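Reviewing the structure listed below.
The values are calculated or read from the model by the stated rules, or taken from the named source; none is laboratory data. Since the model is a prediction, treat every value here as computed from it, not as a measurement. As a convention, Cβ positions derive from the backbone with ideal geometry for all residues, glycine included, and neighbour counts pool all protein chains shown.
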Amino acid sequence: MYRPPRQNNERNNEEQVNIDEVLDKLKSSFPKIPGFGKGSPVLIFFIILILGIFWAGTGFYTVGPDEQAARRTFGKYIGTVNEGLHWHYPSPIGTRDVVSVTTTRRLELGFRSGPDGFTIAQAVPVESLMITGDENIVDVQAVVQYRIFNLKNFLFSVDDPGDLERGVNKGFPDGKTLRDITETALRQVVGSRNIDDVLTTEKEQVQAAVLLKMQQLAGEYNTGLQIQQLLLQNVNPPQEVQSAFEDVVKAREDRDRIINQAQAYQADQIPRAVGDAAKITESAQGFRDGRIAKAKGEAEGFESVLEGYKSSPDVTRQRLYLEAMEEILPGVKKFILDDSGVLPFLPLENAESQGN
């Protein structure tokens, strides 16, 4: 939760001692001692000594675990101290500014939260409406988280008018200066991109680019702030074209759904097709190997016949003729001819089957 730093006069008023009351109490408690009458030099010295001790005692101060203290002497910054009990010249010689530096603070751009810090109370269009790179208007609301990392620069480098709405007093750079840095960086990044990028596909890239630009500007201005994160809250088109943009978003969702379905079908069908292709390839490979082996066998048989023919042509010719007749005749109806004509013959096949 954001806690604004205390002002010097608030801390000093708490620690200052009412000197008049202390003197009255001291006078009433001292006994009547000779030489301590009114106007006595000893009494005056003693009073001055007591006052000096009390004045020096007001120089002690405590710095909490999450705080740092910037010390000044006659208005000039002389250093920063961390947690613990410290002493520095009391006012008006010295002053110290104790500030919480580890607390994460928050800035809202384009809207203002409700009393609970979360509910959006109202929009601030003058901050949130901006033009994109394709000349469209978009309503961008953002939250910035930051902390103090250089107390000297935070206190003394920037003269800021403050932001009373957030409890930031005048003179601290996390007021108007930080708001201007945020708005400037956001408008630059949004103005260089299309409205589709800002609304849907590249919101994270936009956040990263704006954060980088803010860190650069905060460093150039010596604000002493560390910009930790920028979060885009609501990014919407203007109300006049809200329905059209919703249709576009719905169409993109349908497109993505169809693409996912197609990719799932692809993932299912491709392995099947690869398997079928491998099966066909293996079958073709086996058929090829069989045909090659058969052709080689036939070629080797022909070569052996050729060798036999070369050595004994008549015998080989007669053998080939008989082998051909033996292969052909069992399936052919035969007739025996002589000089007198066709000779009848018994149907030996039928007779053989009847005999069996």
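Here are the numbers for this structure:
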{"item": "Test result for Ala121, modelled with pLDDT of 85 or more, within 32 Å of the chain's Cα centre (by Cα) and in the same structural domain as Leu212 (by TED's automatic domain parsing)", "result": "no"}
{"item": "Sole residue being in a helix (DSSP H, G or I), among the aliphatic types (A, V, I, L, M) and surrounded by 13 or more Cβ atoms within 10 Å (Cβ to Cβ), chosen from Val206, Val235, Val274", "result": "Val206"}
{"item": "Single condition Thr223 does not satisfy, out of (1) within 30 Å of Leu151 (Cα to Cα); (2) part of a helix (DSSP H, G or I)", "result": "(2)"}
{"item": "Pick from the range 63-74, criterion within 41 Å of the chain's Cα centre (by Cα) and part of a strand (DSSP E or B), ranking: farthest from Val99 (Cα to Cα)", "result": "Arg71"}
{"item": "Candidates Gly224, Gly219, Gly191 - the one that is of a type in the set (Gly, Ala, Ser) and either within 20 Å of Glu135 (Cβ to Cβ) or within 21 Å of the chain's Cα centre (by Cα) (or both)", "result": "Gly191"}
{"item": "The lone exception for Leu230 - which of (1) within 30 Å of Ser128 (Cβ to Cβ); (2) outside any strand (DSSP E or B) it fails", "result": "(2)"}
{"item": "Checklist (1) within 30 Å of Asp159 (Cβ to Cβ); (2) surrounded by 10 or more Cβ atoms within 10 Å (Cβ to Cβ) applied to Glu220, failing item", "result": "(2)"}
{"item": "Residue identified as at pLDDT below 90 and crowded, with 17+ Cβ neighbours inside 10 Å among Gly162, Gly175", "result": "Gly162"}
{"item": "Only one of Val206, Val198, Val249 that is touching a residue at least 24 places away in the same chain (Cβ under 8 Å) and not assigned by TED's automatic domain parsing to the domain that holds Lys176", "result": "Val249"}
